[in-house]
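Note sheet for the following structure.
The values are calculated or read from the model by the stated rules, or taken from the named source; none is laboratory data. All values reported here derive from a predicted model rather than from experimental measurement. Note: ideal-geometry Cβ built from the backbone for every residue, glycine included; neighbour counts use all protein chains shown.
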Amino acid sequence: MVRLIGIAIGFLFCFVLMWAALTPREAAAPDPVKLLHRHPKEVTFAHSGPFGTFDRAQLQRGFQVYKEVCSACHGMYHLAYRNLEEIGFSPEEVKAIAAEYEVSTIDQATGETTTRPAIPSDKFYRPFPNETAARAANNNAYPPDLSLIVKARKDGEAYVYSLLTGYGETPPEGFEVPEGLNYNPYFHSVNIAMVQPLVDDQVTYADGTKATVDQMARDVTAFLRWAAEPELERRRKAGIVTLAFLAILTVLAYLSYRRVWAGVQH
């Protein structure tokens, strides 16, 4: 009797498994975030491509956008003011830019903490002393360091440019944006804590360039690319020289081969 009960339970178990395997499943509800998220826009710069070089005027405009807009929340902790000479600023201009900020130091006479005007060798000004203070000032959102942001994000420049120009669109009906967040389809979760940072004519370019959102986004993205990879031009030049050397070496090696083995009968 016990054996028959065991066999019956086994058959019942197999039947349940077969029923579960053959019964059609309901389609899973699509993730609205994945449906709304967009791939970055296509964008090109003067430094795009294997032979591209940085546009110094664009880099200086990009630094102006960073300085007047982005630096209120975001730092660039890996750059020193003297690095700005690489994008066309004169030593005097760099000194003047650095002197606009105060940095902490120790008074040699009293040993107390004090401040002094920054000098070219100092790192860029930090808007917040630490992460805790940054989160407290930004509704618990932490503004990331922008020194390497282009390399730290997938699609690099295209992502940064798309994010900066992706505000202003209305979310589809039925999609609710949580309080304190903003809709941007180019952000990975489409809800971002950063409010729209750029608006037309937000800065006044010294060279007279029209400061549209698109122009400012391009300029600051180019500046951030330079900040993340300032050796880009040198690396490309070294690569071209290396390839040219290898090409010449290959030709010489082939000619030497022909000469050495010219008298050998096959």
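Just a yes or no: is a residue in region 208-228 surrounded by fewer than 13 Cβ atoms within 10 Å (Cβ to Cβ), assigned by TED's automatic domain parsing to the domain that holds Tyr66 and over 21 Å from the mean Cα position of the chain (by Cα)?
yes
For the list (1) modelled with pLDDT of 95 or more; (2) part of a helix (DSSP H, G or I), I need the number of the one condition that Phe15 fails.
It fails just one condition, (1).
Any residue at all in region 38-55 that's in a helix (DSSP H, G or I) and either at pLDDT below 75 or of a type outside the set (Ser, Thr, Tyr) (or both)?
Looking through region 38-55, none of the residues is in a helix (DSSP H, G or I) and either at pLDDT below 75 or of a type outside the set (Ser, Thr, Tyr) (or both).
Say whether the condition of being at pLDDT below 90 and either of a type in the set (Asp, Glu) or more than 30 Å from Pro178 (Cα to Cα) (or both) is met by at least one residue in region 116-126.
yes
Out of all the residues in region 204-221, is one or more more than 20 Å from Phe54 (Cα to Cα), touching a helix residue (DSSP H, G or I) at 6+ places or on another chain (Cβ under 8 Å) and in a loop (DSSP other than H, G, I, E, B)?
no
Show the residue pairs that are 6+ apart or on different chains and have beta-carbon atoms under 7 Å apart, the first residue being within region 215-230 and closer than 11 Å to Phe45 by Cβ, the second being among the polar types (S, T, N, Q) and modelled with pLDDT of 95 or more.
Correct list of pairs: Asp219/Gln58; Ala222/Gln58.
I need a count of the residues in region 131-182 that are in contact with a Gly (Cβ under 6 Å, 6 or more places away or on another chain) and among the acidic types (Asp, Glu).
Qualifying residue count for the region: 1.
For the condition outside the structural domain of Cys70 (by TED's automatic domain parsing) and under 27 Å from Tyr186 (Cβ atoms), what is the one hit in Ile97, Ile87?
Residue meeting the stated conditions: Ile87.
Is it the case that Asp201 is out of contact with any strand residue (DSSP E or B) (no Cβ under 7 Å at 6 or more places or on another chain), at positive phi and either in a loop (DSSP other than H, G, I, E, B) or not hydrophobic (A, V, I, L, M, F, W, C) (or both)?
So Asp201 passes the test.
Could you grab the pairs with beta carbons closer than 9 Å, sequence gap of 6+ or different chains, first residue in region 162-178 and within 16 Å of Met194 (Cα to Cα), second one of a type in the set (Gly, Ala, Ser)?
Ser162/Ala217; Leu163/Ala217; Leu164/Ala217; Thr165/Ala217
Could you tell me which residue of region 118-141 is farthest from the chain's Cα centre (by Cα), considering only residues that are surrounded by fewer than 13 Cβ atoms within 10 Å (Cβ to Cβ) and not aliphatic (A, V, I, L, M)?
Checked region 118-141; the qualifying residue farthest from the chain's Cα centre (by Cα) is Ser121.
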